[in-house]
Structures are given as structure tokens and as C-alpha cells.
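Notes to accompany the following structure.
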Amino acid sequence: MDQRIMLVEDAYAAREQTVGRFFETEAPRLAELCHLLARRFAAGGRLVAFGVGAAATDAQHVSVEFVHPVIVGKRALPALALPNDIPSSMGLAVSDPAGWLARQLEILGAPGDIALGMVHGSDDPGREPVGVALKEAASAGMLTVYLGDAGEGAAPGEWSFEVPSDDPFIVQEVHETLYHVLWELVHVFFEHKGLLEGRAPGRSHDSGRSSFLYPFLAEAETNIDAVLAEVRRSITQKAADVIALRGASADAVALAEAARLVAERIAAGGKILAFGNGGSATDAQDLVGDLVAPPAGVAPVAAMSLTNDTAVITAVGNDVGFDNTFARQVIAYGGRGDVAVAISTSGGSRNVLAAVDEARRRGLLTIGLAGYGGGRLAELCDLALTVDADYIPRIQEAQASQYHILRSLIGVSA
């Protein structure tokens, strides 16, 4: 059997075990945290996310999920990612390597905010600046949440969650499910307004004998235990859904073949261009970060994320049309022998499809990661890794496993 295929099977088994164990243990605390987040949001607070390297892409993913909800009817919630301000971050990091995130928080944060800091393991370059920032946030009165291991001392966050794995890719994937779950379930408490302490109260309603039809109308509702129990059940169910969907999309043969084809292009001097929209943009950035600045002991690979240059994206979008934002960059940066990695939860994003068309014309190998069973993207690409689902958070979590495993396989002999 191809060594890559065996590695894929082992990788998915490790993910199943870790996800199940983590969310079964942490569901009660995560339910309580959802309640606290809702109370902060209801009182006017914001979610401020941060990390370094791969964790910076998680911060961006958090921001886009909360600000631009993908589920119809969910409200937009204020969130920002500190790493998004690249010039400020780089300037501060040069002058203050340990305290640059804390300095950004000092300027941008407020006492009622939520500070979410993330690291992916003991070797994560963000351990010190994230820890310093969380201490600054706590002293300023923010609610502090830390996703990472405690190391030798106490974890820096008031609410800390440690994933039982030494694999930074698995840790990051659990983090993604965790913040997706927080985003999904914080909305439950907005339907139970009486549980949002600190919120300006609205008019109470007496629905009389028909109250069972309108369980969320009472401003004075206080049955927190029942709501928390339902949220806990939902968390464990979502974890089970993640495991099932990852298993269903674990195409070991396709992943092994994709790794072989990419490795051939890299060995011949090719580079990787990755792109996508929204959460998929952060995935493209994460993949490129893993290629260019990989975990210790792994050789770097030449790669570019076509989502990073805001000047190019806004110029093309404004002057030519948003459908051309990635295709124009493929023209500028792509060459025969390169690889285009297109990521789309829908499999039908027009600017992604246009870029794949352009890449094929120019002789690039095209690999697609697509939800909804693949869609048009799977038809266009030389090789597609698909997820047969239509719920975006779970699709993104399954795709994170696909591209992390693909990254791990590059360089592995057959």
C-alpha cells in the first residue's frame, strides 16, 4: 500500500479520537462560555481575536464568522482580528517582540470586550506575545479566553482550553471547531433575553396559556440550567457531526494522489498559489503559512496566497470586477509548472472558478477543495477533494483536515 494512504488513514483516526475526547470533556464549560459571550455582546462588547503565524489566520477566521454570519437570520456580532492590521503589527513587533499584541489591545480594546488568544503548541511563536496580551486584557477588565497549552506555568486566560494532542494541525482544527461552536451557540442566548444580564431590558410579554408557543418572549426568563443543558447537548452533537463528516470526506486515495502531483511540481521548481473567499480566504492563508513557515523539521515550499494583497484585490474588484480578483493574480504570478489550490465551501464561487479557468489555460495543476459535493469547481479542477455537505462551518472543518493532511504528505515518498 502507498505509504501516503496509510498516513492519511492514521491522520483521520487521530482526529476522530482527539475531537471526541475534547468536546465530551469541555462541553459544560463551553456552554457557560457561550452564555458569558452573549452577555458581553448584549452589553456592547466586542470580540478581539489574535495569534501569530497559523493562529493569526484563525483570528481572521473568527472575525469573518462573527461579522458576516453565513446562516440566514443570525445577527452580525462585532469582532476584529488584531493581525489584520499588518503594518501596525509588524512595526510594533519589531520594536516590542513580546508586547506588540498587548500594545494593540491597549489602544483598540475596551473593558467590556472579549480577548481571544490562540496558540497551537509549545513551539508556537506566539506563546509569549499572546500570553502578555491576555494579561493586559485581564487587567483592563476584558473577558479573556485562551486556546492553547499551559506550558510550565498557569494558562494566561480566565477561560483556557487545552487540546490533548501534540500535532499542531490537529490542535488548530479543534480550535476551529471550538470557535465555530461558540459562534453558532452564542445566538441561543439572544433568544432568551432574560438571561443576558447587563442588557437594557425591553418590554415584558405575558403570553398567558399560549406561552408554550412563544418560549423566548419573556424578558424575565431565568431558567439558565435548562438552556445550558440544551447547549451542552448541541455541542456534543456538533462534535459528532464533525467526526462523521471528516470520515465521509476522508478520500485517502485522492489525497495521496494530490500530494504526489504537487510534490512533482515542487521538485521541478513550481510554486503553489492558493485562494478563496471569506473563511476560505483564511484557509488559503493558513495553507500558505504552513507551506512557507512549516512546523519544525519540515522543509518549506514556495507558495503565495492570492487573498493577502488588499491593494490588488480592491483595485481589480473596483476597476474590473470582483469576479476577476484571483484570475488577474494568476496571470501575474502563475506559470506552467505551478499549482493552483482553489478553496470554496460552495464549489461555485465565481471568482474562484474564473481563476481556475485561467490557471488551466496557463498550464498550472489545479486542485480544488469544494463543499456541496464539489459543484462546478470539482468539474473544472484536475483533482478535487470534496465534502458532501451544505453546512458551511462543518465543511470548513473538514477542508482544514484535507489541506493539513495534504501539507503533511508533501515530501513523503510513496
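The values are calculated or read from the model by the stated rules, or taken from the named source; none is laboratory data. In this text the structure is predicted, and so the values were computed from the model without any measurement. When we count neighbours, we look across all protein chains shown, and the Cβ atoms used for this are built from the backbone with ideal geometry, even at glycine.
Suppose we filter Ala258, Ala267, Ala263 for residues that are buried (at least 23 other Cβ atoms within 10 Å of the Cβ), under 19 Å from Gly334 (Cβ atoms) and modelled with pLDDT of 95 or more; which single one remains? Can you show your working first?
On the way: Ala267 fails: buried (at least 23 other Cβ atoms within 10 Å of the Cβ); Ala263 fails: buried (at least 23 other Cβ atoms within 10 Å of the Cβ).
Exactly one residue qualifies, and that residue is Ala258.
Of these, His68, His61, which one is surrounded by 24 or more Cβ atoms within 10 Å (Cβ to Cβ), of a type outside the set (A, V, I, L, M) and in contact with a Gly (Cβ under 7 Å, 6 or more places away or on another chain)? Steps first, answer last, please.
On the way: His68 fails: surrounded by 24 or more Cβ atoms within 10 Å (Cβ to Cβ).
Sole residue among the options that is surrounded by 24 or more Cβ atoms within 10 Å (Cβ to Cβ), of a type outside the set (A, V, I, L, M) and in contact with a Gly (Cβ under 7 Å, 6 or more places away or on another chain): His61.
Out of segment 377-394, which residues are of a type in the set (A, V, I, L, M, F, W, C) and touching a strand residue (DSSP E or B) at 6+ places or on another chain (Cβ under 9 Å)? Before the answer, list the steps.
Quick first cut of segment 377-394, residues of a type in the set (A, V, I, L, M, F, W, C) only: 377-378, 380-381, 383-385, 387, 389, 392.
Passing the criteria: Leu377, Ala378, Leu380, Cys381, Leu383, Ala384, Leu385, Val387.
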Point to revise | Matching residues, segment 17-35, being more than 18 Å from the chain's Cα centre (by Cα), surrounded by 15 or more Cβ atoms within 10 Å (Cβ to Cβ) and over 16 Å from Leu182 (Cα atoms) | key: Gly20, Arg21
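From the set of residues in segment 100-126 that are part of a loop (DSSP other than H, G, I, E, B) and free of Cβ contacts under 8 Å to residues at least 60 places away in the same chain, which is surrounded by the most Cβ atoms within 10 Å (Cβ to Cβ)?
Step one: list which residues in segment 100-126 are part of a loop (DSSP other than H, G, I, E, B), which gives 109-113, 119-126.
After this cut, where a residue has to be free of Cβ contacts under 8 Å to residues at least 60 places away in the same chain as well, the list is 111, 121-122.
On the way: Pro111: 11, Gly121: 20, Ser122: 12.
Per the stated criteria, the residue is Gly121.
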Review point. Does Leu80 fit the bill of being free of Cβ contacts under 8 Å to residues at least 60 places away in the same chain and either touching a Lys or Arg at 6+ places or on another chain (Cβ under 7 Å) or not in a helix (DSSP H, G or I) (or both)?
Key: yes
Review point. Picking from Ile331, Ile367, which residue would you name as being more than 18 Å from Gly279 (Cβ to Cβ) and free of Cβ contacts under 8 Å to residues at least 60 places away in the same chain?
Key: Ile331
Review point. Checking Arg4 against (1) more than 18 Å from His180 (Cα to Cα); (2) surrounded by fewer than 23 Cβ atoms within 10 Å (Cβ to Cβ); (3) not hydrophobic (A, V, I, L, M, F, W, C), which single condition isn't satisfied?
Key: (2)
**Study point:** Subset tally (residues that are touching a Pro at 6+ places or on another chain (Cβ under 7 Å), part of a loop (DSSP other than H, G, I, E, B) and over 19 Å from Ser305 (Cα atoms)) for segment 44-74
**Key:** 1
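Would you be able to tell me the number of residues in segment 377-414 that are of a type in the set (D, E, K, R) and farther than 24 Å from His68 by Cα?
Number satisfying all stated conditions: 3.
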Point to revise | Members of segment 223-254 found to be closer than 30 Å to Ala302 by Cβ and under 21 Å from the mean Cα position of the chain (by Cα), listed by number | key: Arg246, Ser249, Ala250
Review point. Limited to segment 196-245, what total is found for residues that are modelled with pLDDT of 65 or more and part of a helix (DSSP H, G or I)?
Key: 22
